[in-house]
Structure formats: C-alpha cells, structure tokens
Amino acid sequence: MSMIQLHQQSFVFDGHCDTLGAALPGPKYRDLRQWGKEGHLDIPRLRAGGINCQIFAAFPGGERLQACATSASLERVHVLLDLVQSVPDDMCLIQTAEDLVALQSDGPIGAILGLEGAEALAGRLSLLHIFYRLGVRNIGLTWNHRNAAADGLLAGTQAGLSAFGRDLVAACNELGVMLDLAHLNAGGVADVLALSQKPVIVSHANAYALCEHPRNLSDAQLRAIAANGGVVGVTFVHQFVASERSQATLSRLLDHIDHIVQVAGIDHVGIGSDFDGCVPIAELSSGEHYPRLCEGLSQRGYTPPQIQKILGENFRRVFLQVLP
Ligand SMILES: [Zn+2]
C-alpha cells in the first residue's frame, strides 16, 4: 500500500487550529468553503490533507483576551456554527461520542469546537454551560496569561489552579468537555493531572528535551500525561520544533514524535498543527501537506497501525472516553 493510500484510509485528527479567526467579517475575511490563497486551512485543504476531524479553537487573539474574551469567542463560535449549517455535506459538529463514531471518510469532516483560554468564561460556570450548549467540547484552560482559572506559562508564576479552576475541571469532567493543557504553566498542569477523572490533551506542543521552548513539555510532564491516559498533539509551529528556523524541518518534527513515543508511549502522541495560528515548518505549511507526515513516519519505520495511532486514533480514543 502506498503512503498516500495509507493516509487516505486513516482517521486523521488535528488537535488545534486558529482558522475561525480568519473567517470573521472584515478586510482579512476568507471564505472557508474555498481553497484560499492565504492561510493554511479551509474545507478544500482539509479534504486534500485527508483530515477527518479538526478541533477549531475560538481564540480571541492575545490582545482581546483580557478586554472582551467572551464576545470575541462567541463571534468565532458563530463562524463555525454558521459554516457547519451552510455546508452540511462537508462539515458537522461533533458533540457526542456517537457523533465521532459516526464519521465516515467520504462524509462531512467532524469539527470539534474549542475555547483557548478560560478568559471567555469570565470566572463563571454558568458561561461554561452556555458554551457547552453551543457545542464547545474542548477547553484550553489558559492562553499565555493568568486568568480566573489558572496561570498561563508566560505569567511567570508557579501557581496552580484557582478555586474556580478546580471547579472548572470537575465541571468539564462531569459535562464531557475535554481539558486541554496547552499553554498552561507547570503548576496548573500538575493540578489538572491530579484532579481530572478523565484523560486530558495537550493539543499543540512538542518535547522540551529537543527544543527548549517554554511551551514544550518536559519528559516528566510527558510521562504524567501518559499516566493520565492523555494525548499530546505534536505541532508544526517552527519555534517549538527548533530554536533555529533553519533546523525546524519535518525531520526534526519527526524527532519530536520519536522522542514522545519513547518517553510517553505510542498511545499518547497525536497531531495539533496550530494552522492559521503560527508560522509552521516549510514542509507542513498548508493543509494539503498532511500526507507528508504519514510518509515521514513510514520512513522512520513506524508500522501502519502505529502511524494510524499518531495520525488520529489516539485523539479519537480520548475523545470517545470524554465526550458525553
Ligand atoms: Zn496556542
């Protein structure tokens, strides 16, 4: 079987993109139903890349996080709900384990709606319930700053979860919302792993042992996430692949996958591109490039079942365990 065939037959799941921000009304608007000249992802490129399920973050953007995170997140939620409604043959909203199981490779692409940063919840569980009713099933507790739930890793503190953060973890467990630890500081990561009754994800991060960026995960964190049953989405962000731009290659990204497989195990690695939210590595700089990852994994000696775990089966497993 060729790698293209293996890729096409695999369930491919991307744990993070910021594409919704590109489809807001305004001068930079992109119609996500068309293959865009700009950006990284849209429906045609998700199809060309063989993506079956994509987490879309309703990320307000760093500057808007403090000022108007709730309304800015709601606008992005609306972009996705509107898109799903306008092209039901191409995209469907995943809200339950049953929805995820029902995805077919020739059917609509599954979209999981996420928040990136609990800022949008304004410290209130009632807002979690509203976002849940709108379809949100993945919550990144922080972006880079402090919020009512926890501290992001640029807050420069050692603090763990606040009382609200602890309540939020319990409420997400209860409702069936995935907890996403990307951007969370070390104290917060440790607290969530101690508290959560369900597997968690780190939707977009790499291995600190290979690239000393604060967003990357230490070996101890990788082992702790494996012990929780969770999954880390390796990301294409060039700064998280290598500190030197010229070294940030697909080969180096595959080194990160090899490392996480060695430290955490083959069941705990996935993909989280961060498309439309970053400058990705050149070889994976647009949605249609995904099959190159499959090819690279094969060249590294991974078997088809192992490749399929990395491409999407691991993320599918944890979402099936968490979604209602
Ligand atoms: Zn991010």
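Taken together, the values in this text are just the output of simple stated rules run on the coordinates, not laboratory data. The structure presented is a predicted model; accordingly, all values stated were derived computationally and were not measured. Every residue, glycine among them, receives a Cβ derived from its backbone with ideal geometry; neighbour counts consider all protein chains shown.
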Region 1-119 - share of DSSP beta bridges that are antiparallel (%, nearest 5): 0 percent
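Work out the FRET efficiency for Q34 and S285 from their Cβ-Cβ distance, taking R0 = 22 Å, and round it to the nearest 0.05. Show your work: numbers first, answer last.
On the way: r = 19 Å, r/R0 = 0.84.
Calculated transfer efficiency: 0.75.
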Can you give me the relative contact order of the chain as a percent, contacts being Cα pairs under 8 Å and 6 or more apart? 21 percent
Run the dipole for the chain about the Cα centre, Lys and Arg Cβ at +1, Asp and Glu Cβ at -1, nothing else charged, and hand back the magnitude in debye, nearest 20. 180 debye
A correct fewest-to-most ranking of F319, F11 by other Cβ atoms within 10 Å would be F11, F319
Taking the highest mean first, how do the peptides 111-124, 18-31 order by number of other beta carbon atoms within 10 angstrom per residue? 111-124, 18-31
Using bins 20 angstrom wide from zero, how does P(r) for region 3-322 break down, in % of all Cα pairs? 36, 61, 3
Who wins for biggest fluctuation among A48, A242, A163 in a Gaussian network model of the chain, springs between alpha carbons below 10 Å? A163
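Apply 1/(1 + (r/R0)^6) to the Cβ-Cβ distance of A227 and R166, taking R0 = 22 Å, and write down the FRET efficiency to the nearest 0.05.
Working: r = 20 Å, r/R0 = 0.90.
Result of the calculation: an efficiency of 0.65.
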Students often check this: by mean Cβ neighbours within 10 Å, which of 91-99, 50-58 ranks highest, and how do the rest follow? 50-58, 91-99
Comparing D89, D274, D255 in a Gaussian network model of the chain (Cα, 10 Å), the one with the largest mean-square fluctuation is D89
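Report the extension gain between L81 and S105 in nm, rounded to one decimal, defined as 0.36 nm multiplied by the number of residues separating them, less their alpha carbon distance.
On the way: separation 24, 0.36 × 24 = 8.64 nm, distance 2.10 nm.
Value of the extension gain: 6.5 nm.
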What GluC sites (Glu not before Pro) in region 159-250 are in a loop by DSSP, with at most 11 other Cβ atoms within 10 Å of the Cβ? E212, E244
